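> One structure is given below, represented as structure tokens, and several questions about it will come after.
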Amino acid sequence: MPNLDNQTIQLALVAAVALAMLIQAIVLFAALIALRKLAKSIRQEVEDLRSSVMPLIENTRNLLARVAPKIEQTASDLALLTRALRNQTADIQAAADEIIERTQRQARRVDSMLSNVLDAVDRAGSFMADTVAKPMRQLSAFLASAKAVIESLRSTQGASRAEANRASGDNDLFV
């Protein structure tokens, strides 16, 4: 076997490193070529995508330019409609409040009128009762006194007969 000295080992190592670097350079060159092809392909795809998307973006931009004033007009119309509805609602609320107030006022008025009528009927009833009751009381008193006189006249004649019919212990008994 040949003599392996230090210089030979170093030469072999340098040759191995040079070979490894050459292989690495070839691999990096192949990767560079592949990346260039990939970049070209991606650039082509982006160009194709841009050429197909740009008209769509332009159309959308034109559509928005045409529709934007209409949307703004619709929004302002809705705001005006909302404002008008709010005003009409306030008017309706005011009218309803006024109707309720008038109804309550009329109800109080009718209540007052009915109270006055019922008070008048009550006074008339009291007057009629007093007007009829006073002569009736007087008549009743007159009839009671006449009855008392007749009974007292009868009792003086019939007192002797009543005492004869009574038993000695019947004073407190009621039949």
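The values are calculated or read from the model by the stated rules, or taken from the named source; none is laboratory data. Here the structure is a predicted model, which is why all the values come from computation and not from measurement. When we count neighbours, we look across all protein chains shown, and the Cβ atoms used for this are built from the backbone with ideal geometry, even at glycine.
> Identify, from the list A12, A30, the residue that is more than 60 Å from the chain's Cα centre (by Cα), part of a helix (DSSP H, G or I) and at pLDDT below 95.
A12
> Among the polar types (S, T, N, Q) and modelled with pLDDT of 95 or more - does that describe any residue in segment 47-54? So that I can check it myself, show each step before the final result.
Narrowing segment 47-54 to residues among the polar types (S, T, N, Q): 51-52.
When the remaining residues are screened for being modelled with pLDDT of 95 or more, the result is none.
For segment 47-54, residues among the polar types (S, T, N, Q) and modelled with pLDDT of 95 or more: absent.
> Of the residues L85, L38, L81, L64, only one is surrounded by 10 or more Cβ atoms within 10 Å (Cβ to Cβ), out of contact with any His (no Cβ under 7 Å at 6 or more places or on another chain), assigned to a helix (DSSP H, G or I) and modelled with pLDDT under 90; which?
Only one candidate qualifies: L64.
> Now for a different question. Which pairs do you get when a residue that is at negative phi and part of a helix (DSSP H, G or I), found in segment 132-154, comes within reach of a residue that is acidic (D, E) and surrounded by 10 or more Cβ atoms within 10 Å (Cβ to Cβ), reach meaning Cβ atoms under 6 angstrom, with the pair 6+ apart or on two chains?
Within 6 Å, no pair qualifies.
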